[in-house]
Amino acid sequence: MDVSHSVAKKSNIPSVAAVVGSLGWPLISRYRASVCTQPPRLEMIDSLFKPEGGKDNGLIRELLLDFYRSTNGQKPEQIIIFRDGVGEGQFNEVMNFELARIIKACKFLDDSWFPKFTVIVAQKNHHTRFFEPKGPRDDNVTNVPAGTVVDTGICHPRNYDFYMCAHAGMIGTTRPTHYHVLHDEIGFSPDDLHELVHSLSYSGEARNGRQRGLVTLLLPCSLPSFINGLQNFRDGCGGAP
């Protein structure tokens, strides 16, 4: 899930929210996107659950129904939510507003359905970098290997977070992704969660071809950003397809 805002100085340009959901479980490379506009500069997605006239016209309902159809009538027992583009000051809003609306969307479809949720925020806009020594001099360093995980020492003393460099840094300095686990009803062990995130970081390689920038972040987080970018480009071209 991600929200994209206009770079223009005008305050009346709507923001674009995108939510991407997987299809055809147990495959992890098929996704379906739902996109909508919302008030300018609003970061929380307000259309996840949208009851209107006895119906839910929200984004989550569309994704759940498509998952249901693609799995021959199977409902997800576990839902993993990756949220991109929010800062630490907005973590409570993600839990109290967005997760609450997702749960309402599930209950609207089936009041007896109780899926387990794990909520993870992925951050790329930070100044943390990792190196390993390449020689005897202090300034002779190189990027850490692909798949490096750091979950001790520099992480939060109480909250559940970790850094991952999923891909090798071919040019310049590798920028790790900082993952914050806000909620985990599923009960992942740290190793299992690291393996899941690392695997998802490579699920877009064959799909995206030369668009290398799109897979520096795990695919469920990078796809909403990519879709928002396409929508903003379309709007900037005057709505041309």
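Annotations
- For segment 63-167, the solvent-accessible area works out to 58 Å² per residue, with a probe of 1.4 Å and every protein chain left in place.
- Length gained when the stretch ILE186-GLU88 is fully extended (0.36 nm per residue, less Cα-Cα span): 33.0 nm
- Farthest toward positive dipole pole in segment 20-119 [+1 Lys/Arg, -1 Asp/Glu at C-beta], among LEU27, GLY89, GLN78: LEU27
- Per residue, the convex hull around the alpha carbon atoms of segment 26-90 comes to 136 Å³.
- Restricting the trypsin sites (Lys or Arg not before Pro) of segment 1-47 to loop positions (DSSP other than H, G, I, E, B) with no more than 10 neighbouring Cβ atoms within 10 Å leaves LYS9, LYS10.
- This model, with +1 at the C-beta of Lys and Arg and -1 at the C-beta of Asp and Glu, gives segment 30-122 a dipole about its Cα centre of some 280 debye.
- Once the chain from TRP113 to ARG69 is taken as fully extended at 0.36 nm per residue, the excess over their C-alpha distance is 14.2 nm.
- Relative contact order of segment 27-144: 24 percent, from C-alpha pairs under 8 Å at least 6 residues apart in sequence.
- When you count the other C-beta atoms within 10 angstrom of each residue and take the mean per peptide, 166-177, 53-64 line up highest first as 53-64, 166-177.
- Net length gained if the chain between ALA8 and TYR202 were fully extended (0.36 nm per residue, minus Cα distance): 66.5 nm
- In this simple spin-label approximation, ASN96 and THR152 carry label points 7 Å from Cα along the Cα→Cβ vector, and these lie 3.5 nm apart.
The values are calculated or read from the model by the stated rules, or taken from the named source; none is laboratory data. The shown structure was predicted, so the numbers you read here are calculated from the model rather than taken from an experiment. Note that each Cβ is placed from the backbone with ideal geometry, even for glycine, and that neighbours are counted across all protein chains shown. For the accessible areas, the whole protein counts, side chains as well, though only heavy atoms, and no ligand, DNA or RNA atoms are used. Shrake-Rupley method; radii C 1.70, N 1.55, O 1.52, S 1.80 Å.
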